[in-house]
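Taking it in order: structure first as C-alpha cells, then the write-up.
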Amino acid sequence: MSAGAVVVAAGSGRRLGGVPKQFRKLGTVPLLAWSCHALSRHSDISELVVVVPADIAAAPPDWLVGLCDSVVEGGPTRRDSVGLGIADLSGGHGTVLVHDGARPFLSARLIGRVLETCRDCPAIPGLPLTDTVKLVGEGGRVLSTLDRARLRAVQTPQGFPLSLLRELHEQAARDDAEATDDAFLAEKAGIPVRVVDGDPLNLKVTTGADLALAEWLVGSGDLEAAGIEPPGIETS
C-alpha cells in the first residue's frame, strides 16, 4: 500500500528571530524545501501534506505548492498541527510518515528504513548517545548516571499505520493531551514502538549555530555523498 507523509512546519521559529526558521534560506532555497523535496520524489510516498503557520497557509508560495499536494494551517501546538495534517490526508494510505520541517537533510535511505518497519508497528529513527547523561534533580544535584547504551536521540520521520495514528491523535484531542513527538502517544497507549537506525546528517535546525552547521554541510560535499540533493526549484 502507498504511504502518505506530513511535514510539520507550523512553528514561529522565534529562537532564530525574524523569519520563521523553516522559511530561511539554506543554500539557495528555503530550509523547508529540502525535506519536502526528499519526500515528494520518493517512490513510496504518494501524497504529501505540509502544515504551516496561518499566514503562509492563506497564501502559500508557489515553490511550496509545487512540492506538495496540500498546504494546511497548523494549530496552537505541535500535536494539534500533526492532527490537522493527518486529517487532511486521503484515506487510501496504509502508512504515514510525520517529519519535522526543521530537519532538512532527509535521505531516501532513512525514509526507506522507517517505511519498511512501520508497516508492522510504529517506527522511529534514533542515534546512540556519545555523551554521558546525568539525571539531575532540584538545585542541579545529580541523582544518577543513566546507561547511555540503552538511550537514543530520536529523530523524524516517524512512521505509523495511518489508521492507528489517526486514532491516537483523536484520543489525544479528547484528552487534551500534548506530546513532543508522535511516538509518545503510542507509548502512552501501550503500543510497542521500534527504533531503527537514524542518520547523523538528519540534524534539527533550532539555533543559529545549527543553521551555521547546516550551511557548512551544504557546501561540504557530504550531503551529495549521502544521496541528499538540493531541491531544483526557483523561489522569489
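Read the figures in this text as sums done on the coordinates, not as results from a lab. All values derive from a computational prediction rather than experimental measurement. Glycine gets a Cβ as well: all are built from the backbone with ideal geometry, and neighbour counts include every protein chain shown.
Structural remarks
- Prolate/oblate/rounded label for the stretch 3-225 (Cα gyration tensor, a/c 1.5): rounded
- GNM flexibility winner over the chain from ASP69, ASP199, ASP55 (Cα, springs under 10 Å): ASP55
- Taking 22 Å as the straight-line reach from the Cα of LYS134, none of the lysines fall in range once those fewer than 8 positions away in the same chain are excluded.
- Computed lengthening from ALA149 to ASP120, 0.36 nm per intervening residue step minus Cα-Cα distance: 7.9 nm
- Theoretical gain in end-to-end length, VAL133 to THR28 [0.36 nm per residue, Cα-Cα removed]: 34.1 nm
- For the stretch 93-236: rounded, prolate or oblate by the Cα gyration tensor [a/c cutoff 1.5]: oblate
- Nearby aspartates and glutamates by direct alpha-carbon distance to LYS204 (threshold 15 angstrom, same-chain neighbours under 8 apart not counted): ASP100, ASP181, GLU215
- Least to most buried among THR235, THR180, THR156, THR117 (fewest other Cβ within 10 Å first): THR180, THR235, THR117, THR156
- Cβ-defined net charge surrounding ILE228, 11 Å radius [Lys, Arg +1; Asp, Glu -1]: -3
- A Gaussian network model of the chain, with springs between Cα atoms under 10 Å, assigns the largest mean-square fluctuation among PHE160, PHE184, PHE105 to PHE184.
- Taking the chain as a Gaussian network of alpha-carbon nodes connected by springs under 10 Å, the highest mean-square fluctuation of the residues ALA186, ALA102, ALA149 belongs to ALA149.
- When LYS21, LYS134 are sorted by how many other C-beta atoms sit within 10 angstrom of their C-beta, beginning with the fewest, the order is LYS134, LYS21.
- Of the residues ASP182, ASP88, the one with the fewest other Cβ atoms within 10 Å heads the list, and the complete ranking is ASP88, ASP182.
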